[in-house]
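J.: This structure is in structure tokens; I'll ask about it shortly.
The values are calculated or read from the model by the stated rules, or taken from the named source; none is laboratory data. Everything quoted here is computed from the prediction, not taken from an experiment. Ideal geometry is used to build each Cβ from the backbone, glycine not excepted, and the neighbour counts take in all protein chains shown.
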Amino acid sequence: MDIQKIAKNIQQDDKRDFDPMQLLKTYPEPVSRYLRYHLPEGIPERVWGVVRLKGIIKIVNWSNFKSTLYVNPFKGFLWEAKVKMGILPVKGYDFFCEDTGAMQWKIFNIIPVMKGSGSDVSRSAEGRSRMEAIFFPDLLIHPEVKWEVVSDNEITATWKIDQEDQPLHLKIGNDGALQEVFIERWGNPGDTKTFGYHRFGAQIESEALHHGVISPKKGNAGWWFGEKQYEDGEFFRFTVY
């Protein structure tokens, strides 16, 4: 995979052909409450974003990682990371771009330890693209995003990149702060033989101002979110740095 080409595609700086401030005025409560809370300094002039994450990830056992995440909600994402599995350095990436998703991880950048591609992996990666958008709430002020109100403290955002159309659920506080996010995501958690939709989500433990936008600072994520199985499905704990 040409990772540089993928990163360039995600970072492609398409010009907006709409006024995000005017569009924001059309959103109902509590959608506008969520967005205004996260944009205390206004709406940035960008169509993609980048953030650095560190924490622990469960591959076999819990291991430390440092990573860089590139996100464009309408093109996909690229996550590049270095993981320390005991004394072994593992380097790799996950991505979804140009309607294709894949992953590849190697020890010493030579010995393969995990690899995935194909239609099921692409569908799963497309679902993840929506999850990653929570780090850049300003990018979801867009005509292609359909916002709906479930309750005063739950809203959904739906948009298509390729074929997936599952709504992204966001649970927010009375002030608009993000508390939880989840989606029905295509996958085979627990290495089940058959792919299907399973709830994938994240608990947001704290948020902070990052380049003019309030976004998740610390949290945890995994499969079977909100269910008892989440004890086994959680595999990612992150902090933005």
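J.: Which of the residues belonging to segment 84-103 are within 24 Å of Asn72 (Cα to Cα) and in a strand (DSSP E or B)? Even if it seems obvious, please write down each step before you answer.
T.: Filtering segment 84-103 for residues within 24 Å of Asn72 (Cα to Cα) gives 91-103.
Correct list: Lys91, Gly92, Tyr93, Asp94, Phe95, Phe96, Cys97, Thr100, Gly101, Ala102, Met103.
J.: Also, I was wondering about something else. With respect to Ile57, is the statement that it is within 17 Å of the chain's Cα centre (by Cα) and over 23 Å from Leu170 (Cβ atoms) true?
T.: On the way: within 17 Å of the chain's Cα centre (by Cα): yes; over 23 Å from Leu170 (Cβ atoms): yes.
So Ile57 passes the test.
J.: Taking segment 31-79 on its own, how many of its residues are among the aromatic types (Phe, Trp, Tyr), part of a strand (DSSP E or B) and under 23 Å from Gln166 (Cβ atoms)? First the steps, then the outcome.
T.: First, the residues of segment 31-79 that are among the aromatic types (Phe, Trp, Tyr): 34, 37, 48, 62, 65, 70, 74, 77, 79.
Filter again for part of a strand (DSSP E or B), leaving 62, 65, 70, 77, 79.
Next, from what is left, pick out any that are under 23 Å from Gln166 (Cβ atoms): 70, 77, 79.
So the answer is 3.
J.: Scan Gly212, Gly226 and give me the residue that is on the phi > 0 side of the Ramachandran plot, exposed (fewer than 15 other Cβ atoms within 10 Å of the Cβ) and in contact with a Gly (Cβ under 7 Å, 6 or more places away or on another chain). Steps first, please.
T.: Numbers: Gly212 fails: in contact with a Gly (Cβ under 7 Å, 6 or more places away or on another chain).
Unique residue meeting the criteria: Gly226.
J.: Scan segment 15-30 for residues that are closer than 15 Å to Ala157 by Cα and either without any contact (Cβ under 8 Å) to a residue 60 or more places away in the chain or not in a loop (DSSP other than H, G, I, E, B) (or both) and jot them down. I'd like the intermediate steps shown before the answer.
T.: Going through segment 15-30, the residues closer than 15 Å to Ala157 by Cα turn out to be 23-24, 26-30.
Scanning segment 15-30 gives Leu23, Leu24, Thr26.
J.: Where residues in segment 109-141 are of a type outside the set (A, V, I, L, M, F, W, C) and over 16 Å from Glu164 (Cβ atoms), which of them is surrounded by the most Cβ atoms within 10 Å (Cβ to Cβ)?
T.: Here is the first cut: in segment 109-141, the residues of a type outside the set (A, V, I, L, M, F, W, C) are 109, 112, 115-120, 122-124, 126-130, 132, 137-138.
Applying the additional criterion that residues be over 16 Å from Glu164 (Cβ atoms) yields 109, 112, 115-117, 137-138.
On the way: Asn109: 11, Pro112: 10, Lys115: 12, Gly116: 15, Ser117: 14, Pro137: 24, Asp138: 21.
Step by step, filter segment 109-141, then rank; the result is Pro137.
J.: In addition: Scan segment 143-158 and tell me whether some residue there is more than 17 Å from the chain's Cα centre (by Cα), surrounded by 18 or more Cβ atoms within 10 Å (Cβ to Cβ) and at pLDDT 95 or above. Talk me through it step by step, then tell me what you get.
T.: Step one: filter segment 143-158 for residues more than 17 Å from the chain's Cα centre (by Cα), giving 143-144, 146-154.
If we keep only those that are surrounded by 18 or more Cβ atoms within 10 Å (Cβ to Cβ) as well, we get 147.
If we keep only those that are at pLDDT 95 or above too, we end up with 147.
Taking every residue of segment 143-158 in turn, at least one turns out to be more than 17 Å from the chain's Cα centre (by Cα), surrounded by 18 or more Cβ atoms within 10 Å (Cβ to Cβ) and at pLDDT 95 or above.
J.: Please work out which one of (1) surrounded by 14 or more Cβ atoms within 10 Å (Cβ to Cβ); (2) out of contact with any strand residue (DSSP E or B) (no Cβ under 7 Å at 6 or more places or on another chain) is the condition Gln203 fails and give its number.
T.: Failed condition: (2).
J.: Working carefully through the options Val71, Val90, Val50, Val60, find the one that is β-branched (Val, Ile, Thr), surrounded by 15 or more Cβ atoms within 10 Å (Cβ to Cβ) and over 22 Å from His210 (Cβ atoms). Write out each step before concluding.
T.: Details: Val71 fails: over 22 Å from His210 (Cβ atoms); Val50 fails: over 22 Å from His210 (Cβ atoms); Val60 fails: surrounded by 15 or more Cβ atoms within 10 Å (Cβ to Cβ).
Just a single option satisfies the conditions, and that option is Val90.
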